[in-house]
1. Relative contact order for the stretch 26-99: what is it in percent, counting Cα pairs under 8 Å that are at least 6 residues apart?
2. Could you grab the relative contact order for the chain? Cα pairs under 8 Å, six or more apart, rounded to a whole percent.
3. So which lysines pass the test for residue 63, namely a Cα distance under 28 Å, with those fewer than 8 places away in the same chain ruled out?
4. Choose one of 116, 148, 15: the residue whose Cα lies farthest towards the positive end of the charge dipole of the stretch 2-151 (beta-carbon charges +1 Lys, Arg; -1 Asp, Glu; about the Cα centre).
5. Given a 1.4 angstrom probe, I'd like the percentage of the accessible area of the chain that is carbon and sulfur, rounded to a whole number.
6. Want the number for residue 50 to residue 171: 0.36 nm per residue separation, take away the alpha-carbon distance, what's left?
7. Just to confirm the filter: which GluC sites (Glu not before Pro) across the stretch 55-151 are DSSP coil and have at most 16 other Cβ within 10 angstrom of their Cβ?
8. So how strong a dipole does the stretch 190-255 carry about its Cα centre when Lys and Arg Cβ are +1 and Asp and Glu Cβ are -1, to the nearest 20 debye?
Amino acid sequence: MSIGTYTPRPGAAPLPRMIAAQTAFETKMLLRNGEQLLLTVIIPALLLVLFSAVDIVDTGEGKSVDFLAPGILALAVMSTAFTGQAIATGFERRYGVLKLLGTSPLPRWALMTAKTLSVLVTEVLQVVLLTVIAFGLGWSPHGNPFAVFLLLVLGTAAFSGLGLLMAGTLKAEATLAAANLVFLLLLVGGGVIVPLDKFPDAVQSVLGLLPISALSDGLRDVLQHGAAIPWGNLGILTAWAVLGLGAAARFFRWE
């Protein structure tokens, strides 16, 4: 029996494999966090059931769930890509986790890519769960699935950029407070539950430029009204994505 010869192969794993491994790790950490699950899954589901079953807000003609479901999907994207990611990344930065990861063979841009991919994986689970609940409440969507996909991807990019910008520039405690405050404000004034036409005309024009309004209205135009491609909403989300990701890349501090 001959003794085998082993040749060492030092060096980092291929970049795609490193990104995939980090994405899996980020996803597991997110799903194991009870507070994050409350924010990203339980609250949107409860809001969908409550406001669909109880006539609290006038959502116009048709079933309430037809108006609410697209808005709740937009809220789920915001809760994961913006609020949840901002808080988690902010505390990782505070405790030095990002600094340590920044010294690993995984490039910093690849780490942020893995974080964004983990957000997308979580959102797929959110969309499936909320869609099942909405169907159980009598939701009858229609429209272009590709348009829905574009809206969700651009919405994720926009909110992810803004979340990383906040996490990379503010202290962790400030990020925690600001992210939750923004979540509540946009929940009320972003067309998620309360239609934008309930606000004064001057306020509507401003609220309509917010990423949550563009995402919720765009999804509603497609899924409730059967629009083909909501170019205006896609344009707003693209602008927010470019500004948010660009600013995050420029101003993010790792320490």
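The values are calculated or read from the model by the stated rules, or taken from the named source; none is laboratory data. Just so we're clear, the structure is a prediction, and the values are computed from it rather than from any experiment. When we count neighbours, we look across all protein chains shown, and the Cβ atoms used for this are built from the backbone with ideal geometry, even at glycine. Each accessible area value is taken on the protein alone, full model and side chains, heavy atoms only, with ligands, DNA and RNA left out. Shrake-Rupley method; radii C 1.70, N 1.55, O 1.52, S 1.80 Å.
1. Numbers: 34 pairs, mean separation 22.6, N = 74.
RCO, the stretch 26-99: 31 percent.
2. Working: 342 pairs, mean separation 72.6, N = 255.
About 28 percent, as a whole number.
3. 198
4. 15
5. Details: 9050 of 12900 Å².
On the chain, the fraction of accessible area on carbon and sulfur atoms equals 70 percent.
6. Numbers: separation 121, 0.36 × 121 = 43.56 nm, distance 3.49 nm.
Contour length minus Cα-Cα distance gives 40.1 nm.
7. Working: sites: 61, 92, 123; in loops: 61.
Answer by residue number: 61.
8. Numbers: 4 positive and 5 negative charges, 38 e Å.
Result for the stretch 190-255 is approximately 180 debye, rounded to the nearest 20.
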